[in-house]
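Presented below is the structure to which this report refers.
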Amino acid sequence: MTRNSLGWLAGIALLLSACNTQPDEWARLSAIDCDAEALPGSFLRQAAGLFTPAELGARAPGPGDGPGHPDTAALDMGHFSFWTELVDQVPFPHPGNVVCQALLFDEAGDATAFVESLAPTAQNLSRAAIGWPFNGELDVREVTMEDEAEARRIFLATREGNDDSALEVVLLFEAVDYLVVSVHAGGREKDKEPGEWLEALDSLRDSAQRAIGD
């Protein structure tokens, strides 16, 4: 994620926070977030806010409709929080970035359909994960882990290159009733395995379940 991406996400947060009234569902959606202690490392939350279905895929490459795109027909609204890794080593490594995301659908079946429609392609995941414009040559694959819940999908997107072009992002999605929660984490440094982000997804799922129960 680039510095411009952060500015775009922060702009969404400022725009939507200017609204004086929100439906109750949006208020509960805004309360869903990762637990900082569940992130593998030290991270600082930089921005958070609501976004519309159109904004979810606004930075994705290619056309917005057609086969191979995630099923967002019943998506009402989304919420994100953006976190940046704190680094204290010399020489300073590139800090990692994390987006914790929650999507609100009409019904539980719609949330399940969204997760099932995800595919290991850059275009598909660009329309499922806000703030990650997967441009350029990327190797995307689905990661299978033992004893993982069927409602979860895990993807790994990588690009080989130098310090300025290399990229590794893990994306974890889970349907929780009529919500889909996801964690999108990575950057230029390849220092964490996909499984290290499961606790962060668990914390986001727990936050969603509390919001549903309120």
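Some observations on this one:
- Condition check for residue 137: at pLDDT below 90, under 30 Å from residue 108 (Cα atoms) and surrounded by fewer than 20 Cβ atoms within 10 Å (Cβ to Cβ): no
- Filter result for the condition that a residue is out of contact with any Gly (no Cβ under 6 Å at 6 or more places or on another chain), under 18 Å from residue 130 (Cβ atoms), assigned to a helix (DSSP H, G or I) and modelled with pLDDT of 90 or more, over 29, 14: 29
- Checking each residue in region 174-196 for being at pLDDT below 85 and touching a Pro at 6+ places or on another chain (Cβ under 7 Å) picks out 187, 189, 192.
- Residue within region 40-53 that is assigned to a loop (DSSP other than H, G, I, E, B), at pLDDT 90 or above, of a type in the set (Ser, Thr, Tyr) and farther than 27 Å from residue 193 by Cβ present: yes
- For residue 120, the conditions (1) out of contact with any helix residue (DSSP H, G or I) (no Cβ under 6 Å at 6 or more places or on another chain); (2) under 16 Å from residue 58 (Cα atoms); (3) not in a strand (DSSP E or B) are fulfilled apart from (2).
The values are calculated or read from the model by the stated rules, or taken from the named source; none is laboratory data. On a predicted model such as this, the values are computed, not experimentally measured, just so you know. All Cβ positions, glycine included, derive from the backbone under ideal geometry; neighbour counts span all protein chains shown.
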